[in-house]
Amino acid sequence: MVEVTLWGSLGAAAGGKSKIEIEAKDIRELFRKLAEQYPGLEPYINRGIAVAIDGTIYRDTWSKELPQGAEIFLLPRLVGG
Amino acid sequence: MNFDPRYSTRNFTSVGTRPIRPDGVDKVTGRARYGADFNMAGQLVGRVLRSPHAHAVIRKIDTSKAEKLTGVKAVITAADLPDLTDGDAAMYDILDNCMARKTAFYDGHAVAAVAAVDARTARQALKLIEVDYEVLPHVTDVDEAMKHSAPVLNDTIFTEGLEEKPAKPSNVTKRSQYGHGDVHEGFAQADYIVERSYRTEQTHQGYIEPHACVASVSSDGTADLWVCTQGHFVYRQHCAQLLGMDVSKLRVTSSEIGGGFGGKTHVWAEPVALALSRKAGRPVKLVMTREEVFRASGPTSATSIDVRIGARKDGTIAAAEATLRYSCGPYAGMWAELGAMTAFACYKLENVKTVGYEVLVNRPKTAAYRAPSAPMAAFAVESAVDELAKEVGMDPVEFRIRNAAQEGTRSSYGPVYGPIGIGPTLEAAKNHPHMKAPLGKNQGRGMACGFWFNFGGQTCTDLNIGMDGSVSLAVGTVDVGGSRASLSLVAAEELGIAYEQVKAVVADTSSLGYNDMTDGSRGTFSSSMATISAARNAIKILRERAAQTWDIPVDDVVWEKGHAIAKGDKYGNLAALSLKEIAAASGKTGGPIAGHSELVADGAGVSFATHICDIEVDPETGATRVVRYTVVQDAGKAVHPTYVEGQYQGGAAQGIGWALNEEYIYGKDGRLQNPGFLDYRIPVCSDLPMIDTQILEIPNPNHPYGVRGVGETSIVPPLAAIANAVSNAAGVRMTHIPMSPPRILAAIEAEQAG
Amino acid sequence: MAGVAVSTTINGDNVEYLCQPDETLLDVLRDRLGLTGAKEGCGTGDCGACSIILDDRLVCSCLVLGAEAEGRRVETVEGMAHGDRLHPLQQKFLEHAALQCGVCTPGFLIAAKDLLAKNPDPTEEEIRFGLAGNLCRCTGYDKIVRAVQDAASVMKGA
């Protein structure tokens with residue numbers, strides 16, 4: 001079980017929740033379960049969500065494991081110059 | 001093979017040295033080929049017709065006269081680029097920006113294009129195209145566009161991110177919010193509060209090379225595109241999608257790129273050139289003029305930002321709040337959101353709240369510009385922080401050190417930080433001789449901090465070892481400022497050979513797997529990771545070949561300093577085999593030796609900088625002079641320190657231009673009044689002093705060498721650092737960027753009038 | 001429109017070409033003669049990327065007509081090196097990493113060559129004002145100024 005924190009607008013799409021407990025071993029499973037449990041999140045996931053694990057931002061590594069006790073934070077997928 | 005990206009300490013041989021770049025000689029002799037330096041046999045000249053109106057419905061376009069002109073081979077409108085985006089809203093916006101469909105949304109919006117035998121014929125043909133416009137009311141100002149009375153650009157837009165869907169459409173596409181704690185409670189604890197509103201004007205990336213491409217579409221559905229871009233694989237993806245082509249049948253070659261800074265990250269003219277070529281059945285070369293570059297490409301957001309920060313008597317920040325409004329041009333973006341995320345990222349805050357509003361205006365589609373959105377937010381926040389330090393009675397550096405984020409701090413955008421460099425850059429700035437240097441008459445000193453995320457992304461690299469032991473490295477991230485040198489150093493380091501033995505090239509889209517573009521400061525970070533991985537894969541093969549030669553188990557062979565060495569006393573008589581020797585024998589030991597790597601280079605470390613500057617202000621005219629400038633920034637590990645310094649200096653110079661001079665000026669008619677380098681004045685050599693740099697190296701734990709991105713952060717602090725210096729010199733707080741002489745003079749006169 | 005026949009000297013070679021009366025020298029160099037070292041950054045004489053030397057005078061070739069080269073001497077970046085020996089300015093630009101994207105570099109090299117021909121021992125300020133007609137967006141000019149200073153001292157010693 002990992003605790004996932006959602007950024008403001010994403011929380012609204014998950015029924016006003018800012019924290020979600022979820023059983024997921026990696027980012028792929030996390031996104032799959034989030035979409036199942038909170039259909040409102042699906043468009044955001046399709047548009048792109050980045051996952052910060054203990055402060056490090058992952059944009060594309062869906063195979064990245066979610067360590068127990070790690071701080072998992074969802075952010076919008078960012079753009080750069 | 002599984003690649004472990006984690007950092008471990010090591011002694012470097014090649015990395016950290018400063019050799020001459022491999023593409024250097026071509027660039028000083030004029031041989032290097034940029035976007036407009038390439039030609040195909042039988043090519044036509046493409047030109048684009050652009051809207052003279054800021055906002056107008058396109059009722060009808062009559063191209064018949066243009067088509068009849070001798071020498072015209074194709075004329076296209078939006079009808080020749082049908083909508084194939086299949087509900088992908090972001091791609092639809094890109095398509096509509098390439099060629100307006102129903103409405104021209106800004107002065108310079110493309111409405112038609114021609115391909116003709118020469119430039120003169122093409123220009124003549126543009127004049128023969130008749131467009132029937134119904135001119136609509138327009139809005140170019142970000143605050144005006146938010147008002148209920150403003151003309152609405154797109155009546156399908158209802159502000160996202162509100163608790164309830166609004167009843168009416170508006171120009172505000174989205175509200176976003178970040179932060180933690182309770183700012184009301186925080187402000188109640190504050191002994192001092194600074195509250196101000198700030199504005200920044202729209203600027204352009206200002207790359208010296210205009211957008212240019214040569215497109216050739218064959219009737220069998222294959223096509224070639226030569227183009228200056230920050231990401232040829234991304235351009236391929238976008239062009240194929242917009243034109244309904246198979247991705248693999250479109251080969252995109254990236255030319256040398258004459259500057260991008262975020263402005264060459266998505267397509268403008270390329271789908272148009274391909275559509276023209278498809279229709280004409282001949283190659284088409286399309287080069288934008290400088291005026292077109294200003295009117296229709298780039299720019300960054302114009303902004304309006306309110307900041308409120310409160311501090312306790314002991315100098316700790318009790319609460320911080322900001323509302324940020326960023327212009328997006330006519331299409332939705334996430335520019336204010338990036339501002340809201342980065343605004344307070346340098347600080348350790350118990351109570352923080354930022355709100356961003358994305359605002360549509362009749363200006364060109366906003367594009368990324370080096371650490372997009374962060375410089376404006378930092379300008380507002382760092383100006384207020386400076387004022388607050390004064391109120392508290394603390395030195396501005398000490399005040400920032402007191403409140404700086406550190407490992408374990410919850411960032412203002414959410415996650416908790418790992419090891420970061422904001423504290424060390426502040427300490428280095430505090431101890432820098434610049435801080436103690438005496439100031440002259442009418443001079444002021446300012447400093448400010450800046451933050452950028454940095455990204456990684458999809459990356460693919462090929463490393464091929466020649467029979468003579470030389471190494472060719474094919475990378476897929478476009479080299480925007482010396483990365484071929486850095487990546488050659490990394491390959492040399494990993495293989496244990498000389499830098500001169502490696503030759504790095506940027507491969508075209510048919511020769512290498514997909515790569516994300518060079519953005520988010522990822523070029524050297526990501527491709528060095530892929531290069532290390534590819535080199536390690538090649539080393540595995542080199543060891544196998546040595547083991548085969550010696551007829552011993554491969555586990556007994558190690559790779560050290562460019563040689564295979566048989567490990568253990570029993571092999572005492574085996575002489576080490578060099579890479580060269582193994583390569584020479586490769587034909588008889590199993591064929592070519594290569595290492596490949598496909599990976600997602602995630603885990604780019606966040607980056608911080610602190611800048612110090614001295615500015616002289618002429619109180620009679622409001623003119624400014626940059627007297628001294630110092631950049632301190634964390635690089636993680638500087639692979640080629642000279643080019644890292646170059647990134648620091650270049651970002652600072654762009655920030656100086658933004659702070660003091662550069663701005664888009666729109667007339668009442670909504671037309672851009674200064675689309676040229678004469679009136680949109682970027683810094684020239686005589687405007688600047690030498691720019692001192694100090695590279696700090698706080699290793700990124702997620703890169704084998706500790707590398708962080710370095711390209712973007714350097715443009716974040718200058719706006720605020722200069723505003724603080726000008727405010728100190730002029731004795732009046734400057735809140736509007738750019739601080740051009742008339743604005744400074746007006747502020748001084750208003751202050752004197754009391 | 002009828003073409004204009006032009007006979008000129010480019011980098012020491014006799015060159016003949018036909019061009020349109022309204023065609024710039026920059027377009028002639030790039031499109032007719034294949035000398036793409038000079039770049040078009042603006043087409044209005046503001047960026048200096050198309051700098052060339054015309055009869056010992058530094059000009060923006062986008063502001064000169066191809067027809068105006070008749071009987072004159074044109075120097076471009078392609079003529080700076082002697083065989084495989086780089087001009088000291090070219091060498092120092094490489095050593096100091098005075099280029100990032102490199103698109104402004106040909107213009108800077110030509111402008112710097114002209115500057116040093118007229119003032120072999122310039123101060124930093126003279127270099128900065130001497131090169132103020134050339135725009136660079138990547139470097140912040142620091143390393144360009146240092147490269148020119150270093151080249152000047154090498155050329156004086158030579």
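The values are calculated or read from the model by the stated rules, or taken from the named source; none is laboratory data. Source: prediction; values computed, not measured. Neighbour counts are summed over all protein chains in view; Cβ atoms, including those assigned to glycine, are modelled from backbone coordinates with ideal geometry.
Could you identify the single residue in B:T323, B:T366, B:T354, B:T342 that is out of contact with any helix residue (DSSP H, G or I) (no Cβ under 8 Å at 6 or more places or on another chain), among the β-branched types (V, I, T) and under 22 Å from B:E160 (Cβ atoms)?
Result of the check over B:T323, B:T366, B:T354, B:T342: B:T323.
Condition check ((1) more than 30 Å from the chain's Cα centre (by Cα); (2) within 30 Å of B:S533 (Cβ to Cβ); (3) not assigned by TED's automatic domain parsing to the domain that holds B:V627) across all residues:
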residue: B:N702; (1), (2), (3): no, yes, no
residue: B:G709; (1), (2), (3): no, yes, no
residue: B:E712; (1), (2), (3): no, yes, no
residue: B:I715; (1), (2), (3): no, no, no
residue: B:P718; (1), (2), (3): no, no, no
residue: B:I722; (1), (2), (3): no, no, no
residue: B:E749; (1), (2), (3): yes, no, no
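Tell me whether the range B:151-171 contains one or more residues that are within 14 Å of chain A (Cβ to nearest Cβ), buried (at least 20 other Cβ atoms within 10 Å of the Cβ) and closer than 15 Å to B:L360 by Cα.
no
Hey, which of the helices (runs of 4 or more DSSP H) in the range C:63-137, taking only ones fully inside, have at least 3 residues that are more than 27 Å from B:A485 (Cβ to Cβ) and touching a strand residue (DSSP E or B) at 6+ places or on another chain (Cβ under 8 Å)?
none
Quick one: would you say A:I20 is part of a strand (DSSP E or B) and either over 23 Å from B:P5 (Cα atoms) or among the β-branched types (V, I, T) (or both)?
yes
Quick test for you: out of C:L25, C:L99, C:L58, pick the one residue that is more than 8 Å from every other protein chain (Cβ to nearest Cβ), surrounded by 24 or more Cβ atoms within 10 Å (Cβ to Cβ) and in contact with a helix residue (DSSP H, G or I) (Cβ under 7 Å, 6 or more places away or on another chain).
C:L25
If I filter the range B:41-71 down to residues being assigned to a loop (DSSP other than H, G, I, E, B) and within 13 Å of another protein chain (Cβ to nearest Cβ), which single residue comes out as surrounded by the most Cβ atoms within 10 Å (Cβ to Cβ)?
B:Q43
Within the bounds of the range B:544-560, is there any residue that is in contact (Cβ under 8 Å) with a residue 60 or more places away in the chain and out of contact with any Lys or Arg (no Cβ under 7 Å at 6 or more places or on another chain)?
Scanning the range B:544-560, I find at least one residue that is in contact (Cβ under 8 Å) with a residue 60 or more places away in the chain and out of contact with any Lys or Arg (no Cβ under 7 Å at 6 or more places or on another chain), so the answer is yes.
Need the failing condition index for B:E598 against (1) surrounded by fewer than 19 Cβ atoms within 10 Å (Cβ to Cβ); (2) in contact with a helix residue (DSSP H, G or I) (Cβ under 6 Å, 6 or more places away or on another chain), just the number.
Single failed check for B:E598: (2).
Applying the selection to the range B:44-89, what residues are in contact (Cβ under 8 Å) with a residue 60 or more places away in the chain, over 24 Å from B:D669 (Cβ atoms) and among the small types (G, A, S)?
Matches in the range B:44-89: B:G46, B:A66, B:A74, B:A89.
Might you let me know whether the range B:285-295 holds any residue that is in the same structural domain as B:T229 (by TED's automatic domain parsing), polar (S, T, N, Q) and touching a Leu at 6+ places or on another chain (Cβ under 9 Å)?
no
Assigned to a loop (DSSP other than H, G, I, E, B), among the hydrophobic types (A, V, I, L, M, F, W, C) and within 14 Å of another protein chain (Cβ to nearest Cβ), is that true of B:A32?
So B:A32 fits the description; yes.
Is there a residue in the range B:263-284 that is within 14 Å of another protein chain (Cβ to nearest Cβ), closer than 18 Å to B:Q43 by Cβ and either surrounded by 24 or more Cβ atoms within 10 Å (Cβ to Cβ) or touching a residue at least 12 places away in the same chain (Cβ under 8 Å) (or both)?
Within the range B:263-284, none of the residues are within 14 Å of another protein chain (Cβ to nearest Cβ), closer than 18 Å to B:Q43 by Cβ and either surrounded by 24 or more Cβ atoms within 10 Å (Cβ to Cβ) or touching a residue at least 12 places away in the same chain (Cβ under 8 Å) (or both).
Out of the residues in the range C:138-147 meeting the condition of being in contact with a helix residue (DSSP H, G or I) (Cβ under 7 Å, 6 or more places away or on another chain), part of a helix (DSSP H, G or I) and not β-branched (V, I, T), tell me which one is surrounded by the fewest Cβ atoms within 10 Å (Cβ to Cβ).
C:D142
Only one of these is not hydrophobic (A, V, I, L, M, F, W, C) and not in a loop (DSSP other than H, G, I, E, B): C:D31, C:D46. Name it.
Being not hydrophobic (A, V, I, L, M, F, W, C) and not in a loop (DSSP other than H, G, I, E, B) holds for just one of C:D31, C:D46, which is C:D31.
From B:K668, B:K637, which residue is basic (K, R) and within 29 Å of B:S197 (Cα to Cα)?
Checking each option against the conditions leaves just B:K668.
Could you run through the range B:162-205 and say how many residues are in contact with a Phe, Trp or Tyr (Cβ under 9 Å, 6 or more places away or on another chain), in a loop (DSSP other than H, G, I, E, B) and either free of Cβ contacts under 8 Å to residues at least 60 places away in the same chain or within 20 Å of B:S304 (Cβ to Cβ) (or both)?
Counting residues in the range B:162-205 that are in contact with a Phe, Trp or Tyr (Cβ under 9 Å, 6 or more places away or on another chain), in a loop (DSSP other than H, G, I, E, B) and either free of Cβ contacts under 8 Å to residues at least 60 places away in the same chain or within 20 Å of B:S304 (Cβ to Cβ) (or both) gives 10.
Report yes if B:R21 is closer than 24 Å to B:Y207 by Cα, at pLDDT 95 or above and of a type outside the set (S, T, N, Q), otherwise no.
The answer is yes for B:R21.
Quick one: would you say A:L78 is buried (at least 20 other Cβ atoms within 10 Å of the Cβ) and more than 11 Å from the chain's Cα centre (by Cα)?
Criteria met by A:L78.
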